[in-house]
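What follows is one structure encoded as structure tokens, with my remarks underneath.
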Amino acid sequence: MDRLEIFRNIASQAGRGELVFPANVSASMKLQQALSDPDCHLELAAKLVMAEPLVSARTVAIANSAAYNRSGGDINNVRAAVMRLGFRTLNTITTSVIVRQLGRTIGNPAMRIKSAQLWEHCAHVAATAYVLTAKLTNGDPETAMFAGIVHEVGGFYLLSRTDEFPGLLEGSTEDWAEYGEKMIGRAVLKKLGVPQPVVDAIESLWHGVRVLPPQTIGDVLLLAKELSPVPSPLQRTVAEAGIGGENLVDDYIGDQSLRGLLDDSEEQIRTLTEALLV
């Protein structure tokens, strides 16, 4: 079976909802479902999070990031972190752990490196999208961060299948763009219960062109991807695409350069990115 046929088969299975997830992902998805229950209160949420070390660590780290720790007082326990962040951010954190876990069982060292780079890219995009949305649009920064975390989820899913199909993601990215990014991405987003407005933003990212100043979350995602210092290993780099970030940051939005805005927001973006990478 050649690579294109494998892509088509996986995409067809995904379209029918026949997705194959590692056991650790299934466990985290159960946590996500429990936290989404309207009857789940903050005390119960804290207990559920404490039972998951990865979720616990990331929850405390994000609560202490400059984006959320506006008072300057650090938190050192899960319960206080959950109280500070609330359920929406907690759901985002749980989803980020699910996405990252898709790559943790990969046996092929080269594919594990791709997965780690892809997650680093997503963390930068999510943190930058959060800040840009807050400062440049009337949109919701939480939604933008969530969209940044899940916008490459189809790629993580395909990487998790590369032990079964060696060579699947080697060579040209054209097949990935056609079958992985769109067909498989849509199916995994649906399986994770990603809200339709976020799906719409990611869809617009796949087909969009840069808009300055950004108007929608899709516009923000595209801008954040271009600004990411770590490119997605599944797509052409910014330099290859000829839309380089260094030239972009000298553009002006109103009376402020994008470079100036990013400099002013450097600590927020840095600490939020680091928290997502925990």
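Since every read-out is calculated from the coordinates, none of them should be taken as a lab result. Keep in mind the model is a prediction, meaning the values are calculated, not measured. Counting neighbours? That spans all protein chains shown, and the Cβs are built from the backbone with ideal geometry, glycine included.
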(message) I need the peptides 57-64, 110-117, 128-135 ranked by packing, meaning the mean over residues of other C-beta atoms within 10 angstrom, with the highest value on top.
(response) 128-135, 57-64, 110-117
(request) Can you tell me the relative contact order of the chain? Whole percent, Cα pairs under 8 Å, sequence separation 6 or more. (result) 24 percent
(message) Under 18 Å between alpha carbons, and skipping anything fewer than 8 positions from Lys135 in its own chain: which lysines qualify?
(response) Lys225
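Per residue Cα convex hull volume for the chain, in cubic angstrom?
Per-residue hull volume (Cα only) is 124 Å³.
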(request) Can you tell me the relative contact order of the range 23-101? Whole percent, Cα pairs under 8 Å, sequence separation 6 or more. (result) 41 percent
(request) Give me Tyr68, Tyr157, Tyr252 ranked fewest to most by other Cβ atoms within 10 Å of their Cβ, as a rough exposure proxy. (result) Tyr252, Tyr68, Tyr157
(request) For n ≥ 4 DSSP H runs only, could you compute -39500 (n - 2.57) per run for the chain, divide by its residues and tell me the 222 nm figure to the nearest 500? (result) -19000 deg cm²/dmol
(message) Which of the three applies to the range 23-101, rounded, prolate or oblate, going by the alpha-carbon gyration tensor with a ≥ b ≥ c and a/c under 1.5 meaning rounded?
(response) prolate
(request) Could you name the lysines whose alpha carbon sits less than 25 Å from that of Lys30, not counting residues in the same chain fewer than 8 places away? (result) Lys47, Lys190, Lys191
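Which of the peptides 191-200, 82-91, 141-150 is most tightly packed, and how do the rest follow, going by the mean number of other Cβ atoms within 10 Å of each residue?
Result, highest mean first: 141-150, 82-91, 191-200.
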(request) Write down the Kirkwood hydrodynamic radius of the range 76-199, to one decimal in angstroms, obtained as one divided by the mean of 1/r over all alpha carbon pairs. (result) 15.5 Å
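Please state the relative contact order of the range 106-208 as a whole percent: Cα pairs under 8 Å, 6+ residues apart? Please report the intermediate quantities before stating the final value.
Values: 87 pairs, mean separation 28.1, N = 103.
Normalised by residue count, the contact order of the range 106-208 is 27 percent.
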